[in-house]
Ligand code: AMP
Ligand code: GLY
């Protein structure tokens with residue numbers, strides 16, 4: 001069958017690489033894609049925000065399934081419009097995608113479904129935000145309401161930081177904020193496939209959100225990850241599924257907005273058990289890359305039944321027991337303004353030892369690969385232990401020639417310290 005993949009990041013390169021291995025696949029298209037994805041798929045220059053154009057393409061190319069990678073098209077209702085046109089799609093409709101698009105929506109849903117999340121207040125003005133800060137005290141978390149790619153969040157350890165964050169946020173006209181209780185613990189990502197009725201856990205990972213070694217500096221989209229997240233023990237995972245994910249899926253279905261796709265739960269493992277930090281309506285980036293490296297099952301054979309609303313007929317996903325670890329190489333300046341145009345070399349050398357280099361912000365100009373975004377590469381390797389996977393990933397990183405880029409040197413360090421205990 002023919003498949004269209006929407007997106008252009010490292011996550012989509014991971015999905016493309018895995019979809020291309022499917023015996024069910026005839027031809028993979030990607031829009032807009034990137035040079036790495038172009039090795040697995042035919043790139044099509046579709047305007048993804050123009051839904052009738054996407055539908056026309058699907059009809060002309062005989063697309064049996066559209067896989068939507070990023071959140072923006074989901075929040076914009078691309079999946080609704082494809083479904084209305086009779087085209088199968090992996091990814092939730094606009095209404096349930098608000099789990100990612102609107103923090104206020106998620107908080108209200110948690111209230112209705114009795115899900116444990118951080119206490120919060122929504123503020124529509126600077127005065128309301130000041131009152132909420134006074135009520136919580138520091139540490140406290142200030143979030144912009146709406147899509148902000150993890151960058152609209154300030155975890156403020158002091159009141160001064162929190163006040164600076166609300167001042168900046170309400171400098172934008174029409175802003176609204178969610179002020180939240182600070183959750184103390186270790187953060188993990190849990191992925192669940194669902195067609196709105198059945199649900200299947202789809203692996204766990206730990207991201208490294210801060211830009212600098214030792215978890216310092218500003219938040220980013222993610223500088224590296226490893227999978228599985230061993231701190232999420234089978235008992236804690238079962239509890240998170242039972243207390244957080246299952247009631248979310250059931251409540252959305254009961255309220256007439258069934259969620260179909262992958263649900264990504266960002267969890268804090270606190271002294272009182274797992275608590276929800278946030279939901280995303282898509283795979284994580286770079287968490288997807290480590291999941292795809294470990295996935296032994298045919299990805300297409302899993303995604304298609306979800307799009308058809310018959311997940312309960314699908315085979316259970318099988319993951320390797322190996323650990324996968326990915327190191328993001330970003331362009332200097334990220335997460336501020338990244339330096340674009342820098343040359344990238346050495347990918348073949350990096351992959352010679354068995355690593356896989358997923359491309360994100362890359363562009364091909366006159367046959368040369370250059371950096372075109374903030375996060376540029378996700379250099380991914382596997383091993384029997386986190387230590388082995390980390391060593392293999394950094395050997396691959398060191399084979400890459402990307403003078404205008406940087407990476408963290410401590411991805412997986414916390415897990416390695418635990419392995420050595
Ligand atoms: P979000 O965009 O909601 O995922 O927030 C980005 C990051 O901020 C999360 O991945 C956490 O590391 C951190 N964070 C968000 N909310 C909280 C909270 N209530 N307590 C502690 N850390 C948080
Ligand atoms: N790596 C975090 C995210 O994809 O949201």
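Summary of values
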read-out: When residues of the range 96-109 are limited to those that are within 16 Å of residue 267 (Cβ to Cβ) and out of contact with any helix residue (DSSP H, G or I) (no Cβ under 8 Å at 6 or more places or on another chain), the one nearest to ligand 2 (Cβ to nearest atom); value: 103
read-out: Candidate set: the range 288-299, residues that are under 20 Å from residue 260 (Cβ atoms) and in contact with a strand residue (DSSP E or B) (Cβ under 7 Å, 6 or more places away or on another chain); chosen: the one nearest to ligand 1 (Cβ to nearest atom); value: 291
read-out: Residue in the range 205-215 that is farthest from ligand 2 (Cβ to nearest atom), counting only those that are under 29 Å from residue 238 (Cβ atoms) and surrounded by fewer than 23 Cβ atoms within 10 Å (Cβ to Cβ); value: 215
read-out: Some residue of the range 350-357 being at pLDDT 95 or above and under 19 Å from the mean Cα position of the chain (by Cα); value: yes
read-out: Matching residues in the range 375-391 - criterion: being surrounded by fewer than 20 Cβ atoms within 10 Å (Cβ to Cβ), in contact (Cβ under 8 Å) with a residue 24 or more places away in the chain and either in contact with a helix residue (DSSP H, G or I) (Cβ under 7 Å, 6 or more places away or on another chain) or part of a helix (DSSP H, G or I) (or both); value: 383, 385, 387, 388
read-out: Only one of 67, 44 that is crowded, with 19+ Cβ neighbours inside 10 Å and away from ligand 1 (no atom under 16 Å from the Cβ); value: 67
read-out: Conditions (1) within 12 Å of ligand 1 (Cβ to nearest atom); (2) at pLDDT 95 or above; (3) surrounded by fewer than 19 Cβ atoms within 10 Å (Cβ to Cβ); (4) within 23 Å of residue 390 (Cβ to Cβ); number of the one not met by residue 231; value: (1)
read-out: Residue in the range 257-267 that is out of contact with any strand residue (DSSP E or B) (no Cβ under 8 Å at 6 or more places or on another chain) and away from ligand 2 (no atom under 16 Å from the Cβ) present; value: yes
read-out: Residue within the range 188-198 that is out of contact with any helix residue (DSSP H, G or I) (no Cβ under 7 Å at 6 or more places or on another chain) and within 30 Å of residue 124 (Cβ to Cβ) present; value: no
read-out: Search result, residues across the range 268-293 that are within 11 Å of ligand 2 (Cβ to nearest atom) and farther than 16 Å from residue 208 by Cα; value: 279, 280, 281, 282
read-out: Residue identified as within 15 Å of ligand 1 (Cβ to nearest atom), more than 30 Å from residue 28 (Cα to Cα) and modelled with pLDDT of 95 or more among 267, 241, 263, 236; value: 267
read-out: Filter result for the condition that a residue is surrounded by fewer than 21 Cβ atoms within 10 Å (Cβ to Cβ) and within 26 Å of residue 107 (Cβ to Cβ), over 253, 240; value: 253
read-out: The range 34-63, subset without any contact (Cβ under 8 Å) to a residue 12 or more places away in the chain and in a loop (DSSP other than H, G, I, E, B), residue nearest to residue 21 (Cα to Cα); value: 47
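The values are calculated or read from the model by the stated rules, or taken from the named source; none is laboratory data. It should be emphasised that the depicted structure is a prediction, and the values quoted were computed from it without experimental measurement. Backbone-built Cβ (ideal geometry, glycine too); neighbour counts: all protein chains shown.
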